[in-house]
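See structure below.
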Amino acid sequence: QGWKSGTKIKYTSTDADITFILQEGSHDTFTRVGNDLHTEVEVSARQLRRGCTLTINPLCDSEEPIKLKLRRGKVKNGQIFTIKSRGWPKGCNREECGDLQVKICCLV
């Protein structure tokens, strides 16, 4: 739903009040900073020189894969690309999302 760690969800019934406190788990590919997601993609020196198109699997299976085109000779090791609106949902609004930050890491 886009809720942050520490968010409290309270249910009240005639028998009891129950409060859930959310905790974020870790992910193999992404880290979360606010509503932005961060990831690193490893590429070869040849891919950096010649250019290539990377495919990044999204956080949710229901979303389309993310395509990132690296232009021939234009990308540097450590360069970060921002992909707008492919981050974490902002609150309960699944239409508005943070950004995805992709760091390019060259394998030596």
Residues located in region 64-106, provided they are among the basic types (Lys, Arg), open to solvent by 70 Å² or more (accessible area, probe 1.4 Å) and under 23 Å from residue 51 (Cβ atoms): 67, 69, 71, 72, 74, 76, 84, 103
Are there any pairs with C-beta distances below 6 angstrom linking a residue in region 33-47 that is touching a residue at least 60 places away in the same chain (Cβ under 8 Å) to a residue that is hydroxyl-bearing (Ser, Thr, Tyr) and in a strand (DSSP E or B), with the two at least 6 apart or on different chains, and if so which? 38/31
Residue selected from region 25-57 under the condition outside any strand (DSSP E or B) and touching a Lys or Arg at 6+ places or on another chain (Cβ under 7 Å), by the criterion nearest to residue 85 (Cα to Cα): 35
With the checklist (1) in contact with a helix residue (DSSP H, G or I) (Cβ under 8 Å, 6 or more places away or on another chain); (2) surrounded by fewer than 10 Cβ atoms within 10 Å (Cβ to Cβ); (3) of a type outside the set (Ser, Thr, Tyr) in hand, flag the one item residue 61 doesn't pass. (1)
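The values are calculated or read from the model by the stated rules, or taken from the named source; none is laboratory data. Bear in mind that the values here come from a model prediction, so they are computed numbers and not experimental data. Please note: Cβ atoms are built from the backbone with ideal geometry, for glycine as well, and neighbour counts cover all protein chains shown. Remember, those area values only see protein heavy atoms, side chains included, never the ligands or the DNA or RNA. Shrake-Rupley method; radii C 1.70, N 1.55, O 1.52, S 1.80 Å.
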